[in-house]
Amino acid sequence: MQTADNKELTLAWKFIEQTDTNIFLTGKAGTGKTTFLRKLKELSPKRMVVVAPTGVAAINAEGVTIHSLFQLPFSPYIPGTTFHEEKSKHRFSKEKKHILQSIDLLVIDEISMVRADLLDAIDSVMRRYRDRHQAFGGVQLLMIGDLQQLSPVIKEEEESLLKQHYDTLYFFGSKALREKGFITIELQNVYRQTNQEFIRILNAIRQGNISDSLLAKLNERYLPNFKTQNRDGYIRLTTHNHSATHYNNEQLNALDRISYSYRAEVTGNFPENSYPAEETFTLKQGAQVMFIKNDDTAERRFYNGKIAHIHSLSNSSITVICDSDGKKFDIEPMTWNNTRYTLNPETKEITEEIEGTFKQYPLRLAWAITIHKSQGLTFEKAVIDVASSFAHGQVYVALSRCKTLQGIVLANPILPHAIINDTSIDRFLKTKQEQTERAEQEFCKLQTDYFKRLLNELFNFNNIQYGLLSSTRILDEHFYRLYPELLQQYKTCIEAIDTDIISIAKKFQNQYLHLIMDRKECADSPILQERIHKAAGYFSGSLSNLLENLLNCSTIETDNKQLRQRWNNTLQTLQEDYTFKKEILLHYSITDFSITDYLRYKAQLMLKLEELPTQKNKDNSKTRKKNKVAAASLIPSDIKNPLLFQALKEWRKKKSIEINLPAYTILQQKALIYMSNSQPTTLKELIEVPYFGQRSANKYGDDILSIIREFQNR
């Protein structure tokens, strides 16, 4: 990313690319936070998802809302409670689970409007689908916003409830965020304003300590007899929505012209509360309007916030003339997309899929607009009415929309009490100011820590060990009589994993940690890379020797559906963990290990697991039906005659269909196993088979003995 002229943006980029440290990227209005986010999405090596607290903010950030991605209710979240899928509006799809499991970076735009309990709700969901022992499941957060601008919305009854659990409801009060910690990087370069006196006024208001002299200088812009002429291009910023609407309607009605109405085209899923423009709006020739989207053509005729007037219009066309440069041109309807994150089945990349579209002229009546809706916009001229300011940051947001002090006209003098600042934000910012200075000093250590954590992850075999222990426990509790040999194989494998994998991995960890110590560029060490190649090759080969054959002959036969499902799920998880670990180790036996490569390859490999057939699919595949010998090879060695066992199973299935009874009522799986192993040839021997008996022998004895004799005569 080209950020050479801005050391804070360069630092932010380095922290995002080379560490897993949570970052609060802040800065005054006009310091380039939105531009940085766009570049980050385009160039970052990390897999990311962008979310925002409101629908409009999400559309502007080209992301999705927090509540839609994490499927959260709009009620307050109480720390310590858990969201269950059955209580969610929709169950999490496999695709969404994989997205949450595979992302490296969660970007939260307009963080100033995010409440602490909402961050903790995100933490609860992320722990469920990632690492439950780490805040936010171990994913890195990039939080973008300015606390001196718009604050979280909270109802009185919600505040009284949440105050019992939080000392502040701003995002930095989140318990999960305090557990993980974060660094603050404050952008210093202001690109919107250039006049130093105006910048000093804005800074003083932002900090809540404006001097009498600066306030007097600002109030020189109060012009009591000022009347905006129709083509002056001034926009009025108000604190309340009804004031802006009333003023716009009043000005529109005053125009003695024919009115034309324009209705948006909405397709697919596009929630009404996320509409970026009015669904239907009325214009007249001479109306003052504001562009609410950037021109995406090569001409770049307008930008979000630019003021113009309607030159001419009809039912199907609108021509505008811009106040700042006098350019006249036809304006066409533009499209906003409501996106959702999906997985590309071919590239395995997280992509943005369009769920719905909103097509409308990118215009809004602009004699007046609320301060809330002006956030992120830039104006040449504005009449600012903040006499009824009621919230933290409103005066600062309004004034900072303007490029120059000369472009501002105050509807009323700004009195000190209108400049509202939250003392909890002041305290927080004072404690965090020094972090920006310390961040660069800490970068090398944090980069090395991240490199070590990813390397530890590569050579961590806990999931495989846990999967083997879980499988062995099921065998020992439920199948120790039927599958004693398989049980012993699992126990032997556990011992071998401990001696040949776990203990050696711990010794190797000590070696590479020693090599990494005091090295600033870990990935550039040829000695370290050589050790990683050799170790990855050794562990990949050892895992294959220990697990490949064992997992291929672990199909358990039982009539107990719940037990069979439990076993298949446990075995499938173990198979996936083994496949993932084997493949990623093979990759690094020949490829140099780096942070960027590891993140990309790991994410691709995780998503490929979705394409592997489940145990159920294996059992029902056409290949298995066509090749009985191959199917029999999947049966544990405790079944001595797998082909006979399969023949008895097929007979039982046909008989079940014939008499319309469940298969287990005809003959239990346990009896089938004993029969295939002992191969009784007489009715007396058959009656002695466990779980069979005289009654079953009378019904099915001749059929079973016939199958056994046919098998013996092959």
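The values are calculated or read from the model by the stated rules, or taken from the named source; none is laboratory data. Given the structure is predicted, the values throughout are model-derived calculations rather than measurements. Cβ: placed from backbone, ideal geometry, glycine included. Neighbour counts: every protein chain shown. Keep in mind that these areas ignore ligands, DNA and RNA; they rest on the heavy atoms of the full protein, side chains included. Shrake-Rupley method; radii C 1.70, N 1.55, O 1.52, S 1.80 Å.
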* Asked: What pairs come up if the first residue lies in region 584-599 and is closer than 10 Å to Gly537 by Cα and among the polar types (S, T, N, Q), the second is part of a helix (DSSP H, G or I) and open to solvent by 30 Å² or more (accessible area, probe 1.4 Å), and their beta carbons are under 7 Å apart, counting only those six or more places apart or on different chains?
  -> Ser589/His533; Ser589/Gly537
* To do: Select from region 263-284 the residues that are open to solvent by less than 70 Å² (accessible area, probe 1.4 Å), under 21 Å from Ser314 (Cα atoms) and in a loop (DSSP other than H, G, I, E, B) and list them in ascending order.
  => Ala264, Ala277, Glu279
* **Candidates Ile16, Ile78, Ile59, filtered to the one that is modelled with pLDDT of 90 or more, over 14 Å from the mean Cα position of the chain (by Cα) and either of a type outside the set (S, T, N, Q) or surrounded by fewer than 16 Cβ atoms within 10 Å (Cβ to Cβ) (or both)** => Ile16
* Asked: Can you find even one residue in region 195-204 that is part of a loop (DSSP other than H, G, I, E, B) and open to solvent by less than 60 Å² (accessible area, probe 1.4 Å)?
  -> no
* Asked: Among Gln694, Gln669, Gln646, Gln679, which is the only one that is under 17 Å from Ile707 (Cα atoms), of a type in the set (S, T, N, Q) and open to solvent by 30 Å² or more (accessible area, probe 1.4 Å)?
  -> Gln679
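Does any residue of region 661-670 turn out to be outside any loop (DSSP other than H, G, I, E, B), touching a Leu at 6+ places or on another chain (Cβ under 9 Å) and closer than 22 Å to Tyr483 by Cβ? Reasoning before the result, please.
We begin by selecting, within region 661-670, every residue outside any loop (DSSP other than H, G, I, E, B); these are 663-666, 669-670.
Keeping just the survivors that are touching a Leu at 6+ places or on another chain (Cβ under 9 Å) gives 669-670.
Next, only the ones that are closer than 22 Å to Tyr483 by Cβ stay: 669-670.
Taking every residue of region 661-670 in turn, at least one turns out to be outside any loop (DSSP other than H, G, I, E, B), touching a Leu at 6+ places or on another chain (Cβ under 9 Å) and closer than 22 Å to Tyr483 by Cβ.
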* Asked: Is at least one residue of region 140-154 assigned to a helix (DSSP H, G or I), open to solvent by less than 30 Å² (accessible area, probe 1.4 Å) and either in contact with a helix residue (DSSP H, G or I) (Cβ under 7 Å, 6 or more places away or on another chain) or of a type outside the set (Gly, Ala, Ser) (or both)?
  -> no
* Structure fact -> All conditions in (1) touching a strand residue (DSSP E or B) at 6+ places or on another chain (Cβ under 7 Å); (2) at pLDDT 90 or above; (3) farther than 27 Å from Thr34 by Cα; (4) surrounded by fewer than 16 Cβ atoms within 10 Å (Cβ to Cβ) are true of Asn249 except (1)
* Do you know which residues across region 702-712 are buried (at least 16 other Cβ atoms within 10 Å of the Cβ) and either over 14 Å from Ser676 (Cα atoms) or of a type in the set (Ser, Thr, Tyr) (or both)? -> none
* Among the residues of region 536-585, how many are part of a helix (DSSP H, G or I) and more than 30 Å from Tyr512 (Cβ to Cβ)? -> 14
* To do: Pick out, from region 31-76, the helices (runs of 4 or more DSSP H) lying fully within it that include 2 or more residues that are touching a Lys or Arg at 6+ places or on another chain (Cβ under 9 Å).
  => 66-70
* Just wondering, is there one or more residues in region 213-227 that are open to solvent by 50 Å² or more (accessible area, probe 1.4 Å) and of a type in the set (Gly, Ala, Ser)? -> yes
* Asked: Failed condition for Leu547, given (1) of a type outside the set (S, T, N, Q); (2) at pLDDT 90 or above; (3) open to solvent by less than 60 Å² (accessible area, probe 1.4 Å); (4) more than 26 Å from His587 (Cβ to Cβ), with all others met?
  -> (4)
* Structure fact -> Going through (1) touching a Phe, Trp or Tyr at 6+ places or on another chain (Cβ under 8 Å); (2) open to solvent by less than 20 Å² (accessible area, probe 1.4 Å); (3) within 25 Å of Asp422 (Cβ to Cβ) one by one, Phe171 fails only at (1)
* To do: Report, by residue number, each residue of region 450-500 that is outside any helix (DSSP H, G or I), in contact with a helix residue (DSSP H, G or I) (Cβ under 7 Å, 6 or more places away or on another chain) and open to solvent by 60 Å² or more (accessible area, probe 1.4 Å).
  => Tyr480
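Can you tell me which residue in region 309-331 is nearest to Pro362 (Cα to Cα), limited to those that are of a type in the set (Gly, Ala, Ser) and either in contact with a Leu (Cβ under 7 Å, 6 or more places away or on another chain) or at pLDDT 90 or above (or both)?
Per the stated criteria, the residue is Ser317.
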